[in-house]
Amino acid sequence: MLVALLLAILNDDGRDVGRGWTLFKNEDDCALVRSYEGDTLLRVAYTDGLNDGYVTIADPAFKSIEQGKEYKLKLIFVNGKRLDDGWGEVTGHGFRKDDLTGVSFKLSGDTLLNDIASNALLGIFRDDVVVASLRLDGSAAATTELKACAREVQRENPADPFAK
């Protein structure tokens with residue numbers, strides 16, 4: 001049910017780019033979506049012209065998320081025994097739409113996509129509590145598709161730098 005809600009929000013049919021990743025082309029950006037066990041969803045959006053990256057995590061277990069509330073989160077990327085916690089603390093914003101609850105945050109697009117493509121796991125923490133632990137297998141090929149899609153969107157509909 002959550003996947004259907006998220007797909008409705010994206011207003012597009014999407015294209016399977018392998019290993020569980022679906023690519024969506026939107027008016028202003030492109031996004032990758034992947035679902036995980038327990039109805040957890042990961043959405044990674046990228047706007048080429050502005051180099052904006054957006055991460056959204058939605059999960060029915062996030063029952064206490066408040067619309068618009070700021071949440072301090074820590075991202076850790078894992079590849080083998082290597083841990084990358086270079087993002088430090090990020091500020092996510094809670095959202096609620098129908099049965100879909102989660103948190104979204106904005107990051108530097110190129111750096112985000114490189115981290116996603118080159119790591120096997122993304123861990124998201126709130127204080128010492130694990131919010132999500134998400135496999136990123138197939139993400140190298142998926143982010144290549146995402147970048148190409150975002151470049152196409154940028155050519156068709158150039159980003160407005162004053163809209164930031």
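The values are calculated or read from the model by the stated rules, or taken from the named source; none is laboratory data. Note that this is a predicted model, so its numbers are computed, not measured. Positions of Cβ are backbone-derived with ideal geometry, glycine not excepted, and every protein chain shown enters the neighbour counts. Note: accessible area is taken over every heavy atom of the protein model, side chains too, but ligands, DNA and RNA are not part of it. Shrake-Rupley method; radii C 1.70, N 1.55, O 1.52, S 1.80 Å.
The criterion of at least 2 residues that are at pLDDT below 95 is met by the following strands (runs of 3 or more DSSP E) wholly inside the range 41-92: 82-84. For THR101, the test of being of a type in the set (Val, Ile, Thr), closer than 25 Å to ALA163 by Cα and part of a strand (DSSP E or B) is failed. Output the number of residues of the range 67-116 satisfying the condition of being buried (at least 20 other Cβ atoms within 10 Å of the Cβ) and not hydrophobic (A, V, I, L, M, F, W, C). Final tally of qualifying residues: 5.
Do you know which of the residues in the range 31-64 that are free of Cβ contacts under 8 Å to residues at least 40 places away in the same chain and of a type in the set (A, V, I, L, M) is most open to solvent (accessible area, probe 1.4 Å)? Only one residue fits best here, namely ALA61. For residues in the range 144-164 being without any contact (Cβ under 8 Å) to a residue 60 or more places away in the chain and part of a helix (DSSP H, G or I), which is nearest to ASN26 (Cα to Cα)? Across the range 144-164, the extreme among qualifying residues is GLU156.
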